[in-house]
Amino acid sequence: MIQRAKRTANFKLVIVNGKAYVEKYQKSFQTRDVFTMWGILQLLRRYPGQVPDLELMFDCVDWPVISSNDYSGPNATAPPPLFRYCGDDNSLDIVFPDWSFWGWAEINIMPWEVLLKDLEEGNKRRRWIDRAPYAYWKGNPSVAATRQDLLKCNVSDQQDWNARVYAQDWLRESSEGYKQSDLASQCVDRYKIYIEGSAWSVSDKYILACDSVTLIVKPRYYDFFTRSLMPVHHYWPIKDDDKCRSIKFAVDWGNSHKQKAQAIGKAASKLIQEELKMDYVYDYMFHLLNEYAKLLQFKPTIPRKAIELCSEAMACQAQGTEKKFMMESMVKGPAVSNPCTMPPPYGPASLFAVLRRNANSIKQVETWEKKYWENQSKQS
């Protein structure tokens, strides 16, 4: 089963007796593979001797590839277990925290532990009520048609949809030292838009941490934490097929329900600060790998072509920003406490209740939005 996942994998990771070995198949985009391996090494430093022997395949590309349709029906084979950064309702890929938790060197985004403190400080610089009363987005529109569609919502001479959207020019940013992309200084708008790229986007955690109301354009994909977000409690849902009108209504609603809007922004940043701190990211990784290892029906052995991974060797070989981020995110020693205790899994009834509540909240917003536009057309 595991070998069948090799088709798109970037590397195979094997853990034997608390040591990590990797067999590389194909280089990932940028340093995604390097920082993913680095993150797993830090987990082993944090919980030495507690991560069981295992063997897994990892794919560093954005979108999931193990389609559940291919593995259903009476004669279906078992799906190959493949780890990656996101999934959707039609796929069976195993979702794992993305590389940026240990830093995204190519665009100068610091390791999460450091950045989370910066974002908390950035939030204090400007109160919600003093922020610009618009919805802000900045990113690369060329990776997805839905993002190009979002650009149509920008302010023009003819129309103001309450959105201020900017195309990010990464080449220019790189040459100017990333002065315009300091995330902690971007918490200056009351509303921030999250929209997927070619799949999910790592920007979700940075946007949600800002105290601003996050406007989430209806997503298809999820990463390892986003399914715990509740509409109208942690974020405001935006239609993907009528973005501009949906954004305009959201901003108008928030500006006329200021206390409720502030509470939504606060609930999201509280979730990110408290539930997505690095301690819990490691604990998620720990529990996921433990549960995965229980399913193995063979004893993992070190592959002939594999090389041993070692934090010190990786950090010594790295240069520039990569080295800086590795040093900043290196686990200094074993954790003083054990990993958190996993809560029991949802039963069907409790899971259905969560899904129903989320669907009802989105329906409620759509009803409000419909009434708003009906009133607007009556007035005009």
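How many residues are out of contact with any Lys or Arg (no Cβ under 6 Å at 6 or more places or on another chain) and in contact (Cβ under 8 Å) with a residue 12 or more places away in the chain when one looks only at region 65-88? The total comes to 15. So, of the residues in region 41-71 that are part of a loop (DSSP other than H, G, I, E, B) and aromatic (Phe, Trp, Tyr), which turns out to be surrounded by the most Cβ atoms within 10 Å (Cβ to Cβ)? Among those that are part of a loop (DSSP other than H, G, I, E, B) and aromatic (Phe, Trp, Tyr), it is TYR47. Out of ASN123, ASN69, one residue alone is out of contact with any Leu (no Cβ under 8 Å at 6 or more places or on another chain) and outside the structural domain of TYR292 (by the TED database). It is ASN123. Where residues in region 184-200 are at pLDDT below 95 and crowded, with 24+ Cβ neighbours inside 10 Å, which of them is nearest to ASP62 (Cα to Cα)? Ranking the qualifying residues of region 184-200, first place goes to TRP200. Select from region 48-80 the residues that are in contact with a strand residue (DSSP E or B) (Cβ under 6 Å, 6 or more places away or on another chain) and under 14 Å from LYS6 (Cβ atoms) and list them in ascending order. The answer is GLU55, LEU56, MET57, PHE58, ASP59, ILE66.
Mind listing just one residue for me: the one in region 319-353 that is open to solvent by less than 40 Å² (accessible area, probe 1.4 Å) and touching a residue at least 40 places away in the same chain (Cβ under 8 Å) and, of those, nearest to TYR280 (Cα to Cα)? Filtering first and then ranking leaves PRO339.
Look at (1) touching a strand residue (DSSP E or B) at 6+ places or on another chain (Cβ under 8 Å); (2) open to solvent by 10 Å² or more (accessible area, probe 1.4 Å); (3) modelled with pLDDT of 95 or more; (4) not basic (Lys, Arg) and you find that VAL232 fails only one, number (1).
Taken over region 16-31, the residue count meeting the criterion of being open to solvent by less than 20 Å² (accessible area, probe 1.4 Å) and among the basic types (Lys, Arg) is 0.
Considering the conditions (1) open to solvent by 10 Å² or more (accessible area, probe 1.4 Å); (2) over 19 Å from GLN364 (Cα atoms); (3) in contact (Cβ under 8 Å) with a residue 60 or more places away in the chain, VAL281 is excluded by exactly one of them, (1). Of everything listed in (1) open to solvent by less than 10 Å² (accessible area, probe 1.4 Å); (2) without any contact (Cβ under 8 Å) to a residue 12 or more places away in the chain, the single unmet condition for LYS260 is (1).
Can you pull out the residues in region 203-229 that are touching a residue at least 60 places away in the same chain (Cβ under 8 Å), under 15 Å from the mean Cα position of the chain (by Cα) and open to solvent by 10 Å² or more (accessible area, probe 1.4 Å)? Residues satisfying the conditions are SER203, TYR206, ARG220, TYR221, TYR222, PHE224. Within region 30-55, residues that are in contact (Cβ under 8 Å) with a residue 24 or more places away in the chain and of a type in the set (Lys, Arg) sit with their Cβ atoms under 8 Å from residues that are surrounded by fewer than 20 Cβ atoms within 10 Å (Cβ to Cβ) and not in a helix (DSSP H, G or I), at 6+ positions apart or across chains, in these pairs: ARG45/MET330; ARG45/VAL331; ARG45/GLY333; ARG45/PRO334; ARG46/VAL331; ARG46/PRO334; ARG46/ALA335.
Scanning region 3-15 for residues that are open to solvent by 10 Å² or more (accessible area, probe 1.4 Å), among the β-branched types (Val, Ile, Thr) and farther than 21 Å from TRP63 by Cβ yields nothing. Taken together, the residues in region 33-64 that are touching an Asp or Glu at 6+ places or on another chain (Cβ under 7 Å) and more than 16 Å from TRP99 (Cβ to Cβ) amount to 1.
Looking across LYS239, LYS248, LYS243, one residue alone is of a type in the set (Lys, Arg), surrounded by fewer than 21 Cβ atoms within 10 Å (Cβ to Cβ) and modelled with pLDDT of 95 or more. It is LYS239.
The values are calculated or read from the model by the stated rules, or taken from the named source; none is laboratory data. Everything numeric in this text was worked out from a predicted model, so none of it was measured. Positions of Cβ are backbone-derived with ideal geometry, glycine not excepted, and every protein chain shown enters the neighbour counts. Remember, those area values only see protein heavy atoms, side chains included, never the ligands or the DNA or RNA. Shrake-Rupley method; radii C 1.70, N 1.55, O 1.52, S 1.80 Å.
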